[in-house]
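So the structure is just underneath, and the comments pick up after that.
The values are calculated or read from the model by the stated rules, or taken from the named source; none is laboratory data. Remember, predicted model here, so these are calculated numbers, not experimental data. Using ideal geometry, Cβ is built from the backbone for each residue, glycine included, and neighbour counts are taken over all protein chains shown. Calculation scope for accessible area: heavy atoms of the full protein, side chains included, ligands and nucleic acids excluded. Shrake-Rupley method; radii C 1.70, N 1.55, O 1.52, S 1.80 Å.
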Amino acid sequence: PPQIPADAVQVHLQQFQSIGTANGGNRAHGRPGYRASADYVKGKLDAAGFTTTLQSFTHNGATGWNVIADWPQGDANQVVFLGAHLDSVAAGPGLNDNASGSAAVLETALTLARTKPTVQKRLRFGWWGAEELGLIGSKYYASRLPAAERTRIKTYLNFDMVGAKNTTTWGVYTDNAALRQQFDAHFRAKGIPTRGVNIAGRSDHASFAGIGVPVSGITSGNDPCYHQRCDTITNVTAGVVATGATAAADLAWNLAGAARR
Ligand code: PHE
Ligand code: ZN
Ligand code: ZN
Ligand code: ZN
């Protein structure tokens with residue numbers, strides 16, 4: 001499985017920072033910085049050959065969007081789903097929370113499109129709107145899935161806050177023992193310590209757990225600028241995000257049955 005380089009994720013982080021700066025200092029639901037973030041992600045995915053959907057919803061009188069991307073290979077009845085929330089709080093541009101997870105999932109998807117491994121299962125990627133207002137976008141997506149579509153989703157992996165500076169140990173969600181073990185094994189092979197974390201209902205994996213999907217995810221170390229104005233590009237380290245993205249790609253490729261080559 002591929003090693004995702006720091007410079008590739010740094011490009012996305014810089015774009016999210018620029019979008020925040022150009023749009024009143026945030027990328028929050030209902031603000032122009034959110035829509036610009038969604039357009040950036042969708043543009044990259046479209047150019048790489050993904051089948052993308054911009055799913056709109058309304059919350060607090062404002063339109064929000066989820067970006068969904070399918071890689072058109074593998075059994076569509078068996079979906080491996082990776083996701084991250086794309087919105088920030090209104091206080092700042094949200095570079096760790098959650099441009100980091102958005103960049104990690106985006107670069108994982110783009111790496112898939114570049115390397116084109118043969119996969120047995122369908123890989124799907126989601127960027128959620130209005131997470132900060134109560135998981136609104138991911139709950140909307142999950143609620144609109146027909147029952148047959150729900151059972152096709154075999155795994156959902158969440159990436160929320162994966163870029164904290166000075167990260168020494170990675171938090172692995174404890175929701176599913178088998179998935180947790182796969183993340184632990186990935187990090188152990190790289191000599192990186194992990195700890196179990198219970199994010200409970202505080203991020204978008206909860207929307208998928210709520211419809212019966214096995215879920216997990218990872219998060220980096222302590223964030224001193226959590227939900228603050230100082231959660232800018234200087235609050236994140238691209239190398240940390242790349243480490244998270246490499247873990248994402250490793251599990252995604254393995255779960256989708258990618259042929260090694
Ligand atoms: N970033 C989430 C939020 O602000 C909460 C969270 C905390 C997620 C810790 C992962 C780890 O909504
Ligand atoms: Zn609402
Ligand atoms: Zn948050
Ligand atoms: Zn978050």
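Which residue is nearest to ligand 4 (Cβ to nearest atom), if the candidates are limited to the range 86-118 and must be crowded, with 23+ Cβ neighbours inside 10 Å, farther than 17 Å from Trp65 by Cβ and hydroxyl-bearing (Ser, Thr, Tyr)? Within the range 86-118, the match that is nearest to ligand 4 (Cβ to nearest atom) is Ser100.
Ile4 meets each of the listed conditions (1) over 13 Å from the mean Cα position of the chain (by Cα); (2) outside any loop (DSSP other than H, G, I, E, B); (3) not basic (Lys, Arg) apart from (2).
Would you check if there is a residue in the range 51-66 being touching a Pro at 6+ places or on another chain (Cβ under 7 Å) and part of a strand (DSSP E or B)? Yes: the range 51-66 contains one or more residues that are touching a Pro at 6+ places or on another chain (Cβ under 7 Å) and part of a strand (DSSP E or B). When Leu135 is tested against (1) closer than 13 Å to Asp160 by Cα; (2) more than 16 Å from ligand 2 (Cβ to nearest atom); (3) open to solvent by 10 Å² or more (accessible area, probe 1.4 Å), only condition (2) is not met.
Within the range 76-99, is even one residue part of a helix (DSSP H, G or I) and among the charged types (D, E, K, R)? Yes: the range 76-99 contains one or more residues that are part of a helix (DSSP H, G or I) and among the charged types (D, E, K, R). Of all residues in the range 46-69, those that are free of Cβ contacts under 8 Å to residues at least 40 places away in the same chain have Cβ atoms under 6 Å from Cβ atoms of residues that are open to solvent by 30 Å² or more (accessible area, probe 1.4 Å) and within 16 Å of ligand 3 (Cβ to nearest atom), 6 or more apart or on another chain, in Ala62/Gly30.
Being in contact with a strand residue (DSSP E or B) (Cβ under 8 Å, 6 or more places away or on another chain), assigned to a loop (DSSP other than H, G, I, E, B) and surrounded by fewer than 23 Cβ atoms within 10 Å (Cβ to Cβ) is the requirement here; does Gly24 meet it?
no
Only one of the listed residues (Thr168, Thr174, Thr194) is touching an Asp or Glu at 6+ places or on another chain (Cβ under 8 Å) and free of Cβ contacts under 8 Å to residues at least 60 places away in the same chain. That residue is Thr194.
Yes/no matrix, rows are residues, columns are (1) free of Cβ contacts under 8 Å to residues at least 40 places away in the same chain; (2) more than 11 Å from the chain's Cα centre (by Cα); (3) within 16 Å of ligand 2 (Cβ to nearest atom):
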site	(1), (2), (3)
Pro93	no, yes, no
Asn96	no, yes, no
Ala103	no, no, no
Leu106	no, no, no
Ala113	no, yes, no
Phe125	no, no, no
Glu131	no, yes, yes
Tyr140	no, yes, yes
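Ser18 - would you say it is of a type outside the set (Asp, Glu), open to solvent by less than 10 Å² (accessible area, probe 1.4 Å), over 24 Å from Glu149 (Cβ atoms) and part of a helix (DSSP H, G or I)? Taking the combined requirement at face value, the residue does not satisfy it.
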